[in-house]
Each structure stands twice: as structure tokens, then as C-alpha cells.
Amino acid sequence: MAQQETGAVSSPAGNRAGGLRPGRLISIAFRAAMSLLAGSPFVVAGVLLMVDSEFSPWAARGILLVGLLIVFGGMYLSVVGTHPRLDLLPGERTLALRHPSMKPAYARIILSLPFFAGAGYLLWFTNLPYIYPFLPFVAALYLYFRGVVRYWINHHTSYFVTDRRVARMYRFAWLDTTEIPVNSVNSISEARSLVEIMTGRGSVVVASGIGSRHKVQIQEIDDPGPVARTIRELVG
């Protein structure tokens, strides 16, 4: 996911003017194609298993339903969803705009593939009881859904640093915004796990008090150092 920082002056009108620009149409088409690609293996597997007289029809329908939910859920989010935009006040400038990294989502999806492959092999190429392919299939579903859900969430989360405030915006079926005025910030910290250090990711936590509504967590972004430095310069 491309990360962006800018010091240009932005206007509220410019932030609200989304429209169906060619770039957005391409983005919608790409996300719709990804949803179709993500759900189609389950749809195909469900259909094939429904015609297999030896396989449980309820399990086959469940797999088919999973695929349809991924396809149609992703299609819906592709059309109605995009990264939320902050309405700026007159004269307010955007100093940093970030979105969560997609690396964790992609990693979970990729990790699920060997489990799917193992479950498919045990199901179609061995005569073992169904419990044996079922166990790796459940593990694969867990990893896969965690990756897909993280992918959807990241596509609807934006982090903003302006010359007046730090804000996190999440828009799904609802809009959730948490922001802290710059002159109220009393704590800035960076957090990185070993994996995040190796992959160049991390989080920046900005707080003005105690409690979740007094804290903005800029989570899982690529190269968090410049964001933290920008906030420290504003506070200092």
C-alpha cells in the first residue's frame, strides 16, 4: 500500500470531492477483482463437493456460503468503501497521511495456502476419515479470514497529522474518528515488534490523557519514524 506524506495546503472542499474519477474506478475494479479471486476457490470447492455423494452436503454448502460471503462482501466494500478523508479547517495543512501496511494481511493469507493444499490432498487423494482434512482446513480458514478481515479493515483506515491535530479515521458501515489537538499532546511513543523491525513497520501512539478516547494509535504503518518526528516537531 502506497504511503504518502505531504506538506501542501488542503481544503475541505478538496477532501470532500471524491467523485468517480478514473483513478477511483480503477481502484474499485482492482478491489472487486481481488474479492472475486479470494472467494472463488471456496465457491468452486463448495460446488464440487456438493456433487460428491460421499461428502456431507451441509459441509459443502457451508464452504460455498463462505465463498459467496467473501465475494459479495468484498464487492460491496469495493463500491461503498474507500480510505476516509479528513475535512480540514480553513488554513489547516496536512503534514502526514498514512494507511496501515497490507503486509500482515497478505502474510496471513499466504500462510493459509499450505493448510488448504494439505486439506485438499487429504480429502481427494487419500481414504482417511474426514476429520483429518477437516483439521488443517479449519486452521487454514482461521488464517485466511484473519488476513481477509485485516485487508478490509486496512482499506478503511486512515491516519492524519496536520498542523493542528492528530487523527485516526475508520469508516466501514459507520464512521469512527479519534483526534487529539496538537496543543493537548503530552505523550508520543513508538512501538515495534521484532517482526516489525525486520519488515520496516511499526506503530506511533499519541496520547493526551488516560483512556482510549484520549489516545490515537497509528498502527502497523511502514516507516513510522518520520511520522513520530513530525508530531514531536509540532509539539516541541
Could you go through the stretch 184-195 in sequence order and give the Karplus-derived ³J(HN,Hα) for each residue, using 6.51 cos²θ - 1.76 cosθ + 1.60 with θ = phi - 60°, rounded to whole Hz, and x for Gly and Pro?
-> 9, 5, 10, 8, 9, 9, 10, 9, 9, 7, 4, 5
Applying the gyration tensor rule to the Cα atoms of the stretch 105-236 (axes a ≥ b ≥ c; rounded if a/c under 1.5, else prolate if a/b exceeds b/c, else oblate), the class is prolate
Round to the nearest 0.05 the FRET efficiency obtained for V182 and L113 when R0 = 45 Å and r is the Cβ-Cβ distance.
-> 0.50
Between L175 and N127, take the C-beta separation as r, use R0 = 45 Å, and let me know the FRET efficiency to the nearest 0.05.
-> 0.25
Calculate one ³J(HN,Hα) per residue across the stretch 130-147 by plugging θ = phi - 60° into the Karplus curve 6.51 cos²θ - 1.76 cosθ + 1.60, and present them in order as whole Hz with x for glycine and proline.
-> 5, 5, 5, x, 5, 5, x, 5, 5, 4, 5, 4, 4, 5, 5, 5, 4, x
Please give the contour-minus-distance gain from L25 to V235: 0.36 nm per residue of separation, less the Cα-Cα distance, rounded to one decimal in nm.
-> 71.7 nm
Mean Cβ-within-10 Å packing, highest first, puts peptides 40-49, 177-186 in the order 40-49, 177-186
Net charge (Lys, Arg +1; Asp, Glu -1) of residues whose beta-carbon lies under 12 Å from that of V166, V166 excluded, is +4
What FRET efficiency do you get for S56 and E190 if R0 is 45 Å and r is their Cβ-Cβ distance, rounded to the nearest 0.05?
-> 0.35
Which of these values of Cα Rg over 2.2 N^0.38 Å was calculated from the structure shown: (1) 1.50; (2) 1.23; (3) 1.03?
-> (2)
HN-Hα couplings for the stretch 223-234 via Karplus (6.51, -1.76, 1.60; θ = phi - 60°), in whole Hz with x for Gly/Pro, come out as 6, x, x, x, 5, 4, 5, 4, 5, 4, 5, 5
Could you grab the relative contact order for the stretch 167-236? Cα pairs under 8 Å, six or more apart, rounded to a whole percent.
-> 30 percent
Sketch the reach of a paramagnetic label on D223 as a point 7 Å from Cα along Cα-to-Cβ, and name the residues of the stretch 87-103 whose backbone nitrogen lies under 12 Å away.
-> none
Label-reachable residues, the stretch 85-127, where backbone N falls under 20 Å from a point 7 Å from Y142's Cα toward its Cβ = 104-123
Amide H partners (placed H, <5 Å) of L95, local residues excluded = V161, T162, D163
Protection proxy ranking, peptides 115-126, 62-73, average beta carbon neighbours within 10 Å, highest first = 62-73, 115-126
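The numbers here are math on the coordinates, done by the rules we state, and not lab data. Since this is a predicted model, take the numbers as computed values, not measurements. Positions of Cβ are generated from backbone atoms using ideal geometry, with glycine treated the same way; all protein chains shown enter the neighbour counts.
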